[in-house]
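Working notes for the structure below.
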Amino acid sequence: MSARCIVVAAALAAAAPVLAQETVAIKDARVVTVSGPTLEKGTVVIKDGLIAEVGMGVAIPSGARVIDGTGLTVYPGLIDADSVVGLREVPGVTPSDDYSEIGEINPQLIAANAFHRDSAYVAIDRIAGVTTVVSSPTGGILPGHASIMDLAGSTVADMEIARRGVLVIDYPKLLDFEPGAYQRVRRPFLDRRPAPARIKELVEFLAAARQYGQQGATGRALTPLELKYEAVLPALEGKETVYIPVDSDVDMRAAIQFAQEQKLSRVALVGAADSYKIAPFLKQSGVSVILGAVDHLPVREDDPVDIVCRTPAILHEAGVPFTIATRAPWTDARNLRHDVGVAVACGLPREAALRALSLTPAEILGVSDRLGSIDKGKRANLVLYDGDILDYGTHLEHLFIGGNAVPLTSRHTVLYEQYKD
(Lines give C-alpha, C1' and ligand atoms only; values in the text may rest on other atoms or scores of the structure.)
Protein backbone atom coordinates (compact mmCIF):
# COMPACT_ATOMS: atom_id res chain seq x y z
CA MET A 1 0.00 0.00 0.00
CA SER A 2 2.82 2.40 0.87
CA ALA A 3 4.43 1.82 -2.53
CA ARG A 4 1.15 2.66 -4.26
CA CYS A 5 0.86 5.85 -2.24
CA ILE A 6 4.36 6.83 -3.30
CA VAL A 7 3.49 6.27 -6.97
CA VAL A 8 0.29 8.31 -6.69
CA ALA A 9 2.04 11.12 -4.82
CA ALA A 10 4.81 11.22 -7.40
CA ALA A 11 2.30 11.29 -10.24
CA LEU A 12 0.43 14.17 -8.63
CA ALA A 13 3.65 16.03 -8.00
CA ALA A 14 4.48 15.59 -11.68
CA ALA A 15 1.38 17.64 -12.49
CA ALA A 16 2.76 20.61 -10.55
CA PRO A 17 5.53 22.42 -12.47
CA VAL A 18 8.14 24.58 -10.84
CA LEU A 19 6.65 28.07 -10.86
CA ALA A 20 9.74 30.09 -9.96
CA GLN A 21 9.71 32.88 -12.59
CA GLU A 22 13.15 33.49 -14.02
CA THR A 23 14.74 35.07 -17.04
CA VAL A 24 15.87 32.39 -19.49
CA ALA A 25 17.86 32.70 -22.70
CA ILE A 26 17.85 29.87 -25.25
CA LYS A 27 20.85 30.53 -27.49
CA ASP A 28 22.16 29.07 -30.74
CA ALA A 29 19.01 27.01 -31.38
CA ARG A 30 17.01 26.46 -34.52
CA VAL A 31 13.91 28.59 -33.92
CA VAL A 32 10.74 27.76 -35.85
CA THR A 33 8.73 30.95 -35.36
CA VAL A 34 5.78 29.68 -37.51
CA SER A 35 4.66 33.27 -38.14
CA GLY A 36 7.86 34.14 -40.00
CA PRO A 37 11.13 32.68 -41.22
CA THR A 38 12.92 29.93 -39.33
CA LEU A 39 16.08 31.10 -37.59
CA GLU A 40 18.84 28.53 -38.05
CA LYS A 41 20.90 29.89 -35.14
CA GLY A 42 18.65 32.11 -33.09
CA THR A 43 18.14 33.21 -29.51
CA VAL A 44 14.90 33.38 -27.54
CA VAL A 45 14.75 35.35 -24.28
CA ILE A 46 11.97 34.56 -21.80
CA LYS A 47 11.10 37.14 -19.14
CA ASP A 48 8.04 37.62 -16.92
CA GLY A 49 6.27 34.75 -18.64
CA LEU A 50 6.57 36.29 -22.10
CA ILE A 51 8.90 36.12 -25.06
CA ALA A 52 11.03 39.22 -24.44
CA GLU A 53 13.27 38.90 -27.52
CA VAL A 54 13.70 36.56 -30.45
CA GLY A 55 16.17 36.79 -33.29
CA MET A 56 19.74 36.38 -34.48
CA GLY A 57 22.45 37.92 -32.32
CA VAL A 58 20.08 38.91 -29.51
CA ALA A 59 21.87 40.16 -26.39
CA ILE A 60 21.48 37.86 -23.41
CA PRO A 61 20.35 39.74 -20.25
CA SER A 62 22.68 39.75 -17.28
CA GLY A 63 21.78 37.07 -14.74
CA ALA A 64 19.66 35.04 -17.16
CA ARG A 65 19.77 31.26 -17.06
CA VAL A 66 21.26 30.21 -20.37
CA ILE A 67 20.23 27.06 -22.23
CA ASP A 68 22.62 25.97 -24.95
CA GLY A 69 20.32 25.25 -27.88
CA THR A 70 22.95 23.70 -30.11
CA GLY A 71 21.33 20.75 -31.86
CA LEU A 72 17.87 21.69 -30.53
CA THR A 73 14.83 23.14 -32.30
CA VAL A 74 12.46 25.55 -30.55
CA TYR A 75 8.76 25.39 -31.49
CA PRO A 76 5.70 27.18 -30.11
CA GLY A 77 3.75 24.90 -27.80
CA LEU A 78 1.18 22.75 -29.60
CA ILE A 79 -2.53 23.52 -29.26
CA ASP A 80 -5.13 20.74 -29.17
CA ALA A 81 -8.25 22.64 -30.21
CA ASP A 82 -10.84 20.08 -29.06
CA SER A 83 -10.35 17.71 -26.15
CA VAL A 84 -11.77 16.47 -22.86
CA VAL A 85 -8.53 17.03 -20.93
CA GLY A 86 -9.34 17.78 -17.30
CA LEU A 87 -12.98 16.78 -17.74
CA ARG A 88 -12.70 13.01 -18.19
CA GLU A 89 -10.32 10.73 -16.36
CA VAL A 90 -11.36 7.06 -16.59
CA PRO A 91 -13.87 6.10 -19.33
CA GLY A 92 -16.60 3.97 -17.80
CA VAL A 93 -15.99 5.27 -14.26
CA THR A 94 -18.74 7.86 -14.04
CA PRO A 95 -17.55 9.72 -10.89
CA SER A 96 -14.30 10.59 -12.69
CA ASP A 97 -16.09 12.19 -15.65
CA ASP A 98 -17.55 15.68 -15.73
CA TYR A 99 -17.77 16.58 -19.40
CA SER A 100 -21.52 16.21 -19.94
CA GLU A 101 -24.58 17.60 -18.19
CA ILE A 102 -28.27 16.66 -18.28
CA GLY A 103 -30.48 19.01 -20.22
CA GLU A 104 -30.67 20.35 -23.75
CA ILE A 105 -29.80 24.02 -23.23
CA ASN A 106 -26.99 24.87 -20.81
CA PRO A 107 -24.89 27.62 -22.44
CA GLN A 108 -24.13 29.15 -19.02
CA LEU A 109 -21.96 26.18 -18.02
CA ILE A 110 -18.18 26.69 -18.23
CA ALA A 111 -15.77 23.78 -18.63
CA ALA A 112 -13.11 25.44 -16.43
CA ASN A 113 -15.41 25.11 -13.43
CA ALA A 114 -15.10 21.32 -13.71
CA PHE A 115 -11.46 21.20 -14.85
CA HIS A 116 -9.38 18.75 -12.81
CA ARG A 117 -5.98 20.33 -12.47
CA ASP A 118 -4.38 17.16 -11.07
CA SER A 119 -5.62 14.93 -13.89
CA ALA A 120 -2.93 12.47 -14.94
CA TYR A 121 -3.57 13.49 -18.55
CA VAL A 122 -2.39 17.06 -17.92
CA ALA A 123 1.24 15.99 -17.46
CA ILE A 124 1.01 13.14 -19.98
CA ASP A 125 -0.16 15.46 -22.75
CA ARG A 126 2.20 18.33 -22.07
CA ILE A 127 5.33 16.18 -22.25
CA ALA A 128 4.09 15.23 -25.71
CA GLY A 129 4.53 18.88 -26.66
CA VAL A 130 0.94 20.03 -26.07
CA THR A 131 0.94 23.17 -23.93
CA THR A 132 -2.64 24.36 -24.49
CA VAL A 133 -5.95 22.54 -24.91
CA VAL A 134 -9.57 23.42 -25.46
CA SER A 135 -11.59 21.40 -22.95
CA SER A 136 -15.05 21.01 -24.46
CA PRO A 137 -18.32 19.96 -22.81
CA THR A 138 -20.99 17.79 -24.43
CA GLY A 139 -24.64 17.02 -23.81
CA GLY A 140 -27.71 18.63 -25.38
CA ILE A 141 -27.86 21.13 -28.21
CA LEU A 142 -26.18 23.90 -26.16
CA PRO A 143 -23.85 22.07 -23.77
CA GLY A 144 -21.96 25.14 -22.59
CA HIS A 145 -18.65 26.93 -23.03
CA ALA A 146 -15.36 25.21 -23.76
CA SER A 147 -12.38 26.67 -21.89
CA ILE A 148 -8.92 27.33 -23.32
CA MET A 149 -6.45 25.97 -20.77
CA ASP A 150 -2.69 25.85 -20.43
CA LEU A 151 -1.43 22.53 -19.09
CA ALA A 152 0.50 23.95 -16.12
CA GLY A 153 -0.31 26.14 -13.16
CA SER A 154 -0.64 26.12 -9.40
CA THR A 155 -4.41 26.52 -9.66
CA VAL A 156 -7.05 26.17 -12.34
CA ALA A 157 -7.21 29.96 -12.54
CA ASP A 158 -3.48 30.02 -13.33
CA MET A 159 -4.10 27.64 -16.23
CA GLU A 160 -6.92 29.61 -17.84
CA ILE A 161 -6.23 31.36 -21.12
CA ALA A 162 -9.96 31.97 -21.62
CA ARG A 163 -12.67 30.61 -19.31
CA ARG A 164 -15.41 31.27 -21.85
CA GLY A 165 -13.27 30.36 -24.81
CA VAL A 166 -15.79 28.85 -27.21
CA LEU A 167 -19.56 28.40 -27.28
CA VAL A 168 -20.43 24.84 -28.29
CA ILE A 169 -23.59 24.34 -30.35
CA ASP A 170 -24.32 20.68 -31.05
CA TYR A 171 -26.53 21.32 -34.07
CA PRO A 172 -28.93 18.35 -34.43
CA LYS A 173 -27.75 16.00 -37.17
CA LEU A 174 -30.09 15.04 -39.96
CA LEU A 175 -28.17 11.77 -40.36
CA ASP A 176 -28.14 10.86 -36.65
CA PHE A 177 -28.93 7.29 -35.76
CA GLU A 178 -30.94 6.09 -32.78
CA PRO A 179 -28.84 5.71 -29.61
CA GLY A 180 -27.95 2.11 -28.91
CA ALA A 181 -29.82 -0.06 -26.44
CA TYR A 182 -27.02 0.28 -23.89
CA GLN A 183 -27.13 4.07 -24.08
CA ARG A 184 -30.92 4.12 -23.80
CA VAL A 185 -30.78 2.10 -20.59
CA ARG A 186 -27.75 3.83 -19.06
CA ARG A 187 -28.79 7.33 -20.13
CA PRO A 188 -32.61 7.36 -20.37
CA PHE A 189 -32.58 11.18 -20.37
CA LEU A 190 -31.11 11.33 -23.90
CA ASP A 191 -33.27 13.49 -26.16
CA ARG A 192 -34.57 11.17 -28.86
CA ARG A 193 -36.77 13.70 -30.65
CA PRO A 194 -36.19 14.01 -34.41
CA ALA A 195 -33.71 16.65 -35.56
CA PRO A 196 -36.31 19.18 -36.86
CA ALA A 197 -37.98 19.42 -33.43
CA ARG A 198 -34.65 20.02 -31.69
CA ILE A 199 -33.56 22.55 -34.33
CA LYS A 200 -36.81 24.45 -33.79
CA GLU A 201 -36.12 24.60 -30.04
CA LEU A 202 -32.58 25.88 -30.67
CA VAL A 203 -33.72 28.59 -33.11
CA GLU A 204 -36.47 29.77 -30.76
CA PHE A 205 -34.04 30.00 -27.85
CA LEU A 206 -31.54 32.09 -29.85
CA ALA A 207 -34.34 34.38 -31.02
CA ALA A 208 -35.45 34.89 -27.41
CA ALA A 209 -31.84 35.59 -26.40
CA ARG A 210 -31.53 38.27 -29.08
CA GLN A 211 -34.75 39.89 -27.93
CA TYR A 212 -33.47 39.82 -24.37
CA GLY A 213 -30.17 41.40 -25.46
CA GLN A 214 -32.00 44.29 -27.13
CA GLN A 215 -33.72 45.19 -23.85
CA GLY A 216 -30.47 46.11 -22.10
CA ALA A 217 -29.46 45.70 -18.46
CA THR A 218 -32.26 45.71 -15.89
CA GLY A 219 -30.19 46.33 -12.74
CA ARG A 220 -31.73 43.37 -10.92
CA ALA A 221 -30.55 39.84 -10.26
CA LEU A 222 -30.86 37.67 -13.34
CA THR A 223 -33.17 34.68 -13.45
CA PRO A 224 -31.75 31.27 -14.46
CA LEU A 225 -33.22 31.68 -17.95
CA GLU A 226 -31.72 35.16 -18.30
CA LEU A 227 -28.33 33.76 -17.33
CA LYS A 228 -28.64 31.39 -20.28
CA TYR A 229 -29.53 34.28 -22.57
CA GLU A 230 -26.53 36.27 -21.32
CA ALA A 231 -24.25 33.30 -22.03
CA VAL A 232 -24.99 33.23 -25.78
CA LEU A 233 -24.99 36.98 -26.45
CA PRO A 234 -21.20 37.29 -27.11
CA ALA A 235 -21.41 34.57 -29.78
CA LEU A 236 -24.46 36.19 -31.37
CA GLU A 237 -22.55 39.48 -31.46
CA GLY A 238 -19.52 37.90 -33.15
CA LYS A 239 -17.27 38.18 -30.09
CA GLU A 240 -16.82 34.44 -29.52
CA THR A 241 -15.94 31.46 -31.67
CA VAL A 242 -18.71 28.90 -32.04
CA TYR A 243 -17.94 25.18 -32.32
CA ILE A 244 -20.43 23.04 -34.23
CA PRO A 245 -19.61 19.30 -34.08
CA VAL A 246 -20.66 17.75 -37.38
CA ASP A 247 -19.29 15.12 -39.76
CA SER A 248 -21.32 14.38 -42.89
CA ASP A 249 -21.34 16.77 -45.84
CA VAL A 250 -25.16 16.98 -45.60
CA ASP A 251 -25.00 18.04 -41.96
CA MET A 252 -22.11 20.43 -42.60
CA ARG A 253 -24.13 22.26 -45.24
CA ALA A 254 -27.13 22.41 -42.89
CA ALA A 255 -24.97 23.70 -40.02
CA ILE A 256 -23.43 26.40 -42.20
CA GLN A 257 -26.85 27.52 -43.40
CA PHE A 258 -27.99 27.67 -39.77
CA ALA A 259 -24.91 29.73 -38.82
CA GLN A 260 -25.53 32.16 -41.67
CA GLU A 261 -29.19 32.56 -40.73
CA GLN A 262 -28.20 33.22 -37.13
CA LYS A 263 -25.44 35.62 -38.26
CA LEU A 264 -22.75 33.68 -36.39
CA SER A 265 -19.58 35.19 -37.81
CA ARG A 266 -16.92 33.01 -36.14
CA VAL A 267 -17.74 29.35 -36.77
CA ALA A 268 -15.57 26.24 -36.64
CA LEU A 269 -16.89 22.86 -37.74
CA VAL A 270 -15.55 20.16 -35.42
CA GLY A 271 -14.94 16.63 -36.67
CA ALA A 272 -15.83 17.47 -40.27
CA ALA A 273 -14.96 14.03 -41.61
CA ASP A 274 -16.54 14.73 -45.01
CA SER A 275 -14.95 18.16 -45.39
CA TYR A 276 -12.80 16.91 -48.27
CA LYS A 277 -16.00 16.54 -50.33
CA ILE A 278 -17.00 20.20 -50.05
CA ALA A 279 -13.70 22.03 -49.50
CA PRO A 280 -14.44 24.85 -52.05
CA PHE A 281 -17.85 25.42 -50.42
CA LEU A 282 -16.24 25.61 -46.98
CA LYS A 283 -13.75 28.19 -48.26
CA GLN A 284 -16.56 30.24 -49.78
CA SER A 285 -18.56 30.05 -46.53
CA GLY A 286 -15.69 31.42 -44.44
CA VAL A 287 -15.81 28.73 -41.77
CA SER A 288 -12.86 27.02 -40.11
CA VAL A 289 -12.44 23.28 -39.67
CA ILE A 290 -11.17 21.31 -36.68
CA LEU A 291 -10.52 17.82 -37.95
CA GLY A 292 -10.40 14.77 -35.73
CA ALA A 293 -7.49 12.35 -35.68
CA VAL A 294 -6.38 11.40 -39.20
CA ASP A 295 -4.40 8.23 -38.53
CA HIS A 296 -7.22 5.75 -39.13
CA LEU A 297 -9.18 4.10 -41.90
CA PRO A 298 -12.28 5.72 -43.42
CA VAL A 299 -15.70 4.88 -42.02
CA ARG A 300 -17.26 3.99 -45.37
CA GLU A 301 -15.96 0.87 -47.03
CA ASP A 302 -16.12 2.42 -50.53
CA ASP A 303 -14.00 5.49 -49.60
CA PRO A 304 -10.35 5.64 -50.71
CA VAL A 305 -8.25 3.99 -48.04
CA ASP A 306 -6.10 7.11 -47.51
CA ILE A 307 -8.83 9.76 -47.70
CA VAL A 308 -8.78 10.51 -43.96
CA CYS A 309 -5.08 11.35 -43.85
CA ARG A 310 -5.30 13.24 -47.18
CA THR A 311 -8.11 15.51 -45.97
CA PRO A 312 -5.76 18.10 -44.36
CA ALA A 313 -3.87 18.47 -47.64
CA ILE A 314 -7.15 18.89 -49.54
CA LEU A 315 -8.33 21.61 -47.15
CA HIS A 316 -4.97 23.36 -47.32
CA GLU A 317 -5.02 23.39 -51.10
CA ALA A 318 -8.55 24.85 -51.04
CA GLY A 319 -7.47 27.60 -48.59
CA VAL A 320 -9.71 26.45 -45.72
CA PRO A 321 -8.31 27.36 -42.25
CA PHE A 322 -7.98 24.07 -40.38
CA THR A 323 -6.34 22.34 -37.50
CA ILE A 324 -6.25 18.78 -36.19
CA ALA A 325 -7.52 17.81 -32.75
CA THR A 326 -7.49 14.48 -30.98
CA ARG A 327 -10.81 14.33 -29.19
CA ALA A 328 -12.04 10.82 -28.54
CA PRO A 329 -14.18 9.29 -25.78
CA TRP A 330 -11.05 10.05 -23.72
CA THR A 331 -8.23 12.51 -24.30
CA ASP A 332 -5.57 11.51 -26.80
CA ALA A 333 -3.63 14.77 -27.07
CA ARG A 334 -0.33 12.93 -26.64
CA ASN A 335 -0.72 11.67 -30.21
CA LEU A 336 -1.27 15.10 -31.73
CA ARG A 337 2.12 15.55 -33.38
CA HIS A 338 1.99 11.97 -34.64
CA ASP A 339 -1.35 12.63 -36.36
CA VAL A 340 -0.06 15.79 -38.00
CA GLY A 341 3.06 13.91 -39.10
CA VAL A 342 0.80 11.34 -40.79
CA ALA A 343 -0.96 14.20 -42.61
CA VAL A 344 2.45 15.36 -43.91
CA ALA A 345 3.14 11.85 -45.17
CA CYS A 346 -0.18 12.09 -47.03
CA GLY A 347 0.64 15.34 -48.82
CA LEU A 348 0.25 18.22 -46.36
CA PRO A 349 3.19 20.65 -46.71
CA ARG A 350 5.40 20.71 -43.63
CA GLU A 351 5.03 24.47 -43.09
CA ALA A 352 1.24 24.17 -43.20
CA ALA A 353 1.42 21.28 -40.73
CA LEU A 354 3.40 23.31 -38.20
CA ARG A 355 0.95 26.16 -38.59
CA ALA A 356 -1.96 23.77 -38.06
CA LEU A 357 -0.37 22.68 -34.79
CA SER A 358 -0.08 26.16 -33.33
CA LEU A 359 -0.91 29.43 -35.06
CA THR A 360 -4.03 28.39 -36.98
CA PRO A 361 -5.87 27.04 -33.89
CA ALA A 362 -4.86 30.21 -32.03
CA GLU A 363 -6.42 32.28 -34.83
CA ILE A 364 -9.57 30.14 -34.84
CA LEU A 365 -9.89 30.67 -31.09
CA GLY A 366 -9.18 34.39 -31.26
CA VAL A 367 -6.04 34.20 -29.07
CA SER A 368 -3.34 34.55 -31.75
CA ASP A 369 -2.20 37.79 -30.11
CA ARG A 370 -1.01 35.65 -27.17
CA LEU A 371 -0.34 32.15 -28.50
CA GLY A 372 0.62 30.14 -31.55
CA SER A 373 3.99 31.50 -32.66
CA ILE A 374 7.37 32.59 -31.36
CA ASP A 375 7.04 36.37 -31.48
CA LYS A 376 8.07 39.11 -29.08
CA GLY A 377 5.37 39.83 -26.52
CA LYS A 378 3.57 36.50 -26.81
CA ARG A 379 3.16 34.01 -23.99
CA ALA A 380 6.27 31.88 -23.58
CA ASN A 381 4.77 28.48 -24.32
CA LEU A 382 7.75 26.75 -25.91
CA VAL A 383 8.94 23.21 -26.57
CA LEU A 384 12.53 22.26 -27.40
CA TYR A 385 13.10 19.03 -29.35
CA ASP A 386 16.30 17.30 -30.37
CA GLY A 387 15.01 17.03 -33.94
CA ASP A 388 11.92 17.44 -36.11
CA ILE A 389 8.79 17.67 -33.96
CA LEU A 390 6.85 15.70 -36.58
CA ASP A 391 9.28 12.79 -36.33
CA TYR A 392 7.94 10.59 -33.55
CA GLY A 393 11.45 9.40 -32.78
CA THR A 394 12.60 12.80 -31.52
CA HIS A 395 12.59 13.73 -27.86
CA LEU A 396 11.42 16.71 -25.84
CA GLU A 397 14.39 18.25 -24.01
CA HIS A 398 12.88 21.38 -22.43
CA LEU A 399 9.34 22.63 -21.85
CA PHE A 400 8.13 26.11 -20.91
CA ILE A 401 4.53 27.10 -20.18
CA GLY A 402 3.85 30.71 -19.33
CA GLY A 403 7.59 31.20 -19.08
CA ASN A 404 7.96 28.56 -16.38
CA ALA A 405 10.23 25.56 -16.83
CA VAL A 406 8.09 22.45 -16.48
CA PRO A 407 9.57 19.10 -15.37
CA LEU A 408 9.39 16.36 -18.00
CA THR A 409 7.60 13.89 -15.75
CA SER A 410 4.15 12.31 -15.79
CA ARG A 411 2.35 9.26 -14.50
CA HIS A 412 3.82 7.38 -17.45
CA THR A 413 7.41 8.29 -16.60
CA VAL A 414 6.88 7.56 -12.89
CA LEU A 415 5.53 4.08 -13.60
CA TYR A 416 8.23 3.46 -16.18
CA GLU A 417 10.94 4.26 -13.64
CA GLN A 418 9.29 2.02 -11.06
CA TYR A 419 8.82 -1.02 -13.28
CA LYS A 420 11.55 -0.75 -15.93
CA ASP A 421 13.70 -3.37 -14.21
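The values are calculated or read from the model by the stated rules, or taken from the named source; none is laboratory data. What you see is a predicted model; the values in this text were computed from it and never measured. Here the Cβ positions follow ideal geometry from the backbone for every residue, glycine too, while neighbour counts run over all protein chains shown.
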In the stretch 375-405, anything in a loop (DSSP other than H, G, I, E, B) and charged (D, E, K, R) is listed as D375, K376, K378, D386, D388, D391
Boolean, E351 is assigned by TED's automatic domain parsing to the domain that holds L39 and surrounded by fewer than 23 Cβ atoms within 10 Å (Cβ to Cβ):
no
Just one of D125, D158, D118 is in contact with a helix residue (DSSP H, G or I) (Cβ under 6 Å, 6 or more places away or on another chain), part of a helix (DSSP H, G or I), of a type outside the set (G, A, S) and assigned by TED's automatic domain parsing to the domain that holds R266; which is it?
D125
Would you call V45 modelled with pLDDT of 90 or more and buried (at least 20 other Cβ atoms within 10 Å of the Cβ)?
yes
Using the structure shown, decide if F258 is at pLDDT 95 or above, surrounded by fewer than 19 Cβ atoms within 10 Å (Cβ to Cβ) and among the aromatic types (F, W, Y).
no
Among the residues listed as T323, T413, T331, the single one being hydroxyl-bearing (S, T, Y), at pLDDT below 95 and either closer than 20 Å to S136 by Cα or in the same structural domain as P137 (by TED's automatic domain parsing) (or both):
T331
Flagged in the stretch 244-273 as touching a strand residue (DSSP E or B) at 6+ places or on another chain (Cβ under 8 Å) and of a type in the set (D, E), in numbering order, are D247
Extreme residue, surrounded by the most Cβ atoms within 10 Å (Cβ to Cβ), among residues of the stretch 87-106 that are part of a helix (DSSP H, G or I) and either touching a Leu at 6+ places or on another chain (Cβ under 6 Å) or not β-branched (V, I, T) (or both):
S96
Please determine, by comparing only the residues of the stretch 367-418 that are touching a residue at least 40 places away in the same chain (Cβ under 8 Å), among the charged types (D, E, K, R) and under 22 Å from S147 (Cβ atoms), which one is surrounded by the fewest Cβ atoms within 10 Å (Cβ to Cβ).
R370
Which of the following residues is crowded, with 24+ Cβ neighbours inside 10 Å, touching a residue at least 24 places away in the same chain (Cβ under 8 Å) and either over 21 Å from the mean Cα position of the chain (by Cα) or more than 22 Å from E240 (Cβ to Cβ) (or both): V84, V66, V74?
V74
Can you go through S136, S147, S154 and tell me which one is closer than 27 Å to R337 by Cα, at pLDDT 95 or above and of a type in the set (S, T, N, Q)?
S147
